[in-house]
Amino acid sequence: MEFTGVSFDVQRSMFNVPQRILRHLNFMSIFYDTHAHLDYPDYAKDLTDVIARAQTAGITKIISIGTDLESSARAIKLAERFACVFAAVGWHPSNAHEAPDDIREPLRELVKHPKVVAIGETGLDYHRLPGGKPGGNAEDDARCKQKQAEIFRQQLEVAIEAGLNCVVHQRNSFDDTFAQLKPFAGKVRGVFHCFGESADRMRRVLEIGSLVSFTGIVTFKNGQNVRDTVAATPPGQFMLETDCPYLAPVPYRGQRCEPAYVREISETVAQVKGCSLEELSAATCKTAAEFFPKLK
Ligand SMILES: [Zn+2]
């Protein structure tokens, strides 16, 4: 076991958890949801309850991830409303076609906010390219890929200027995403979120100083490949997330996901790693605090 076995007392002081929450948790190990989409309409009716359930489950910090400028602004508003919510601002590759040619200036404004902890989500997504749609062709695909790469590069630039890291989305595009991030190693780190790739690819990500994070897929019956990668990922090199409203873990699979379910994810990950929840809590929260320096 590579965990250092940080005691509860040390852990408490390390993460500065308010007494009010600690009493409530009754020494329950805490976790963060490092990737949630709280601004989505899925939560319009009951967000206060969703946040309260997360706190009760010991999920003390939640990062709401922007997918375009409006969504990023909404994430900031939520961070202003709830003490435990933080924001990442960026433009998702799936919406790249709707992005202005240059998104750097508005992002530079948004990152000034004290609760903006990262740029993202950004990256490349080749899963649903326009060429596959009726009337689409290879040229459309090439144009779309180029636009995605362009706004990914712009977001890496803003992240470096702001001293922040990036939340990286990739789907069917690992090699290109990795190749685009690699030259920036040493200047900016990425977290390859919702990681479902092989242990070999995980090691390549870690080699350039980036990280991976795991979702509820680790609990799925058909998620053995992800559990294998979790088993191979060293403590201190990965974080936990829901990617809610998507990917609810077992036993909620198929339902709307929410940050409280990091609890179920953490239980499976601890089992796979053969460590205690306290050890997993200490390692993943420390990793997140280092990766997101404004997450305080
Ligand atoms: Zn996401």
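The values are calculated or read from the model by the stated rules, or taken from the named source; none is laboratory data. None of the values given here were measured: they were computed from a predicted structure. Virtual Cβ from ideal backbone geometry, glycine too; neighbours counted across all protein chains shown.
Per this entry, GLN146 is not counted among residues that are surrounded by 14 or more Cβ atoms within 10 Å (Cβ to Cβ), among the polar types (S, T, N, Q) and modelled with pLDDT of 95 or more.
Yes/no per residue for (1) within 16 Å of the ligand (Cβ to nearest atom); (2) of a type in the set (Lys, Arg); (3) under 23 Å from VAL230 (Cα atoms); (4) over 20 Å from the mean Cα position of the chain (by Cα):
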position	(1), (2), (3), (4)
GLU121	yes, no, yes, no
PRO134	no, no, no, yes
ARG171	yes, yes, yes, no
ASP175	no, no, yes, no
LYS182	no, yes, yes, no
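Listed by position, the helices (runs of 4 or more DSSP H) enclosed by the range 205-292 that each have at least 2 residues that are buried (at least 21 other Cβ atoms within 10 Å of the Cβ) and in contact with a Gly (Cβ under 6 Å, 6 or more places away or on another chain) are 277-291.
Scanning the range 149-183 for residues that are farther than 24 Å from SER198 by Cα and part of a helix (DSSP H, G or I) yields GLU150, ILE151, ARG153, GLN154, GLN155, LEU156, GLU157, VAL158, ALA159, ILE160, GLU161, ALA162.
Of all residue pairs spaced 6 or more apart or on separate chains, those with beta-carbon atoms under 7 Å, a first member in the range 49-74 that is acidic (Asp, Glu) and a second member that is within 16 Å of the ligand (Cβ to nearest atom) and part of a loop (DSSP other than H, G, I, E, B) are ASP68/TRP91; ASP68/HIS92.
If the requirement is being within 15 Å of VAL212 (Cα to Cα) and either in contact (Cβ under 8 Å) with a residue 40 or more places away in the chain or acidic (Asp, Glu) (or both), which of these qualifies: THR268, THR287, THR233? Give the steps one after another, and end with the answer.
Values: THR268 fails: within 15 Å of VAL212 (Cα to Cα); THR233 fails: either in contact (Cβ under 8 Å) with a residue 40 or more places away in the chain or acidic (Asp, Glu) (or both).
Exactly one residue qualifies, and that residue is THR287.
What's the total number of residues in the range 171-202 that are in contact with an Asp or Glu (Cβ under 7 Å, 6 or more places away or on another chain) and either among the aliphatic types (A, V, I, L, M) or crowded, with 17+ Cβ neighbours inside 10 Å (or both)? Don't jump to the end; show me each part of the working.
Quick first cut of the range 171-202, residues in contact with an Asp or Glu (Cβ under 7 Å, 6 or more places away or on another chain) only: 171, 173-174, 193-194, 199.
From the residues that got through so far, the ones that are either among the aliphatic types (A, V, I, L, M) or crowded, with 17+ Cβ neighbours inside 10 Å (or both) too are 173-174, 193-194, 199.
Looking only at that region, the number is 5.
Screening the range 23-94 for strands (runs of 3 or more DSSP E) wholly inside it with 1 or more residues that are within 12 Å of the ligand (Cβ to nearest atom), within 17 Å of ILE265 (Cα to Cα) and in contact with a helix residue (DSSP H, G or I) (Cβ under 8 Å, 6 or more places away or on another chain) returns the ranges 31-36. Whether any residue in the range 191-204 is within 18 Å of the chain's Cα centre (by Cα), within 21 Å of GLU161 (Cα to Cα) and in a helix (DSSP H, G or I) is what I want to check. The answer is no, given that none of the residues of the range 191-204 is within 18 Å of the chain's Cα centre (by Cα), within 21 Å of GLU161 (Cα to Cα) and in a helix (DSSP H, G or I).
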